[in-house]
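Single-structure report; data block below.
The values are calculated or read from the model by the stated rules, or taken from the named source; none is laboratory data. This structure is a prediction, so every number in the text was calculated from the model and none was measured. All Cβ positions, even for glycine, are placed from backbone atoms using ideal geometry, and neighbour counts span all protein chains on display.
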Amino acid sequence: MCEQVVRRFPSATLVRMARDPGRLAPLAADTVDIRLDIGDENQIADAVARIPETPALEWIIIATGWLHDSQYAPEKTYRSLDADHLLHAYRINAVGPALLLKHLVSLLHPSRRCRIGILSARVGSISDNRLGGWHAYRSSKAALNMLIRNFAIELSRTKRRNVIVGLQPGTTDTALSAPFQRHVPEGALQTPDYTATQLLKVLESLKPEDSGGLFDFLGIPFTP
């Protein structure tokens, strides 16, 4: 995503936040790299306080997400429900992005539009759920979608020019999707470069009336 932002906006100042900024790829642009653990609100507050006051924030992209690791795998049945698993998913997929936005909103310029895109997932759509399973991931992304809608409603009352949406990146060739790629139809697995390009196009095309909605990587809205 950062590489695509630099290609589209080469004169932009890019603020990048990551658990380990040293692992971020070097870019041919001005960057401000800040350490951040999305699960720790004190770190969130400290990180946001280090964002330069100028220029005004014009784009915010929150690209956090967690599905599995060496300890937890997506649940296939309710019998596998585990409190720690559920809470970990909510912490990263819903609580962290919401708290980051809580601190970022105060930096938004009152008269300049900021486009805010947060990576969500179509599997977090309650109306689209036909298969069940993946309880922690599905429910945490559904919670994120509700939080996005809440932020949109409140921001419309005070900072009307801003747009905040959930973005569905599609099945992209990353570590998150790697264990499940054998089930992806031929030709449907996207490169990270393609996905990032598409998501930026979607963000750039959004209008204030789109705020609070959910859009896939082609710009097609989908229901919560």
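A few remarks follow.
- With respect to the conditions (1) in contact with a Gly (Cβ under 9 Å, 6 or more places away or on another chain); (2) in a helix (DSSP H, G or I); (3) over 15 Å from residue 212 (Cα atoms), residue 75 falls short on a single one, namely (2).
- The stretch 123-147, residues that are farther than 26 Å from residue 105 by Cβ, free of Cβ contacts under 8 Å to residues at least 60 places away in the same chain, hydrophobic (A, V, I, L, M, F, W, C) and part of a helix (DSSP H, G or I): 123
- The stretch 1-39, subset within 17 Å of the chain's Cα centre (by Cα) and farther than 14 Å from residue 60 by Cβ, residue surrounded by the fewest Cβ atoms within 10 Å (Cβ to Cβ): 19
- The residues listed here are 98, 63; of these, the one that is closer than 14 Å to residue 119 by Cα, surrounded by 17 or more Cβ atoms within 10 Å (Cβ to Cβ) and under 17 Å from the mean Cα position of the chain (by Cα) is 98.
- Of the residues making up the stretch 174-211, those that are in contact with a strand residue (DSSP E or B) (Cβ under 7 Å, 6 or more places away or on another chain), surrounded by 14 or more Cβ atoms within 10 Å (Cβ to Cβ) and not hydrophobic (A, V, I, L, M, F, W, C) number 5.
- Residue 113 in a loop (DSSP other than H, G, I, E, B) and either under 28 Å from residue 197 (Cβ atoms) or out of contact with any strand residue (DSSP E or B) (no Cβ under 8 Å at 6 or more places or on another chain) (or both): yes
- Conditions (1) surrounded by 15 or more Cβ atoms within 10 Å (Cβ to Cβ); (2) assigned to a helix (DSSP H, G or I): number failed by residue 87: (1)
- Annotation: of all residues in the stretch 108-145 being basic (Lys, Arg) and modelled with pLDDT of 95 or more, the one that is farthest from residue 215 (Cα to Cα) is 138.
So that you can scan it fast, the table gives a plain yes or no per residue for (1) among the charged types (D, E, K, R); (2) within 21 Å of residue 151 (Cα to Cα):
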position	(1), (2)
170	no, no
179	no, no
182	yes, no
185	no, no
188	no, no
192	no, no
195	no, no
206	no, yes
215	no, yes
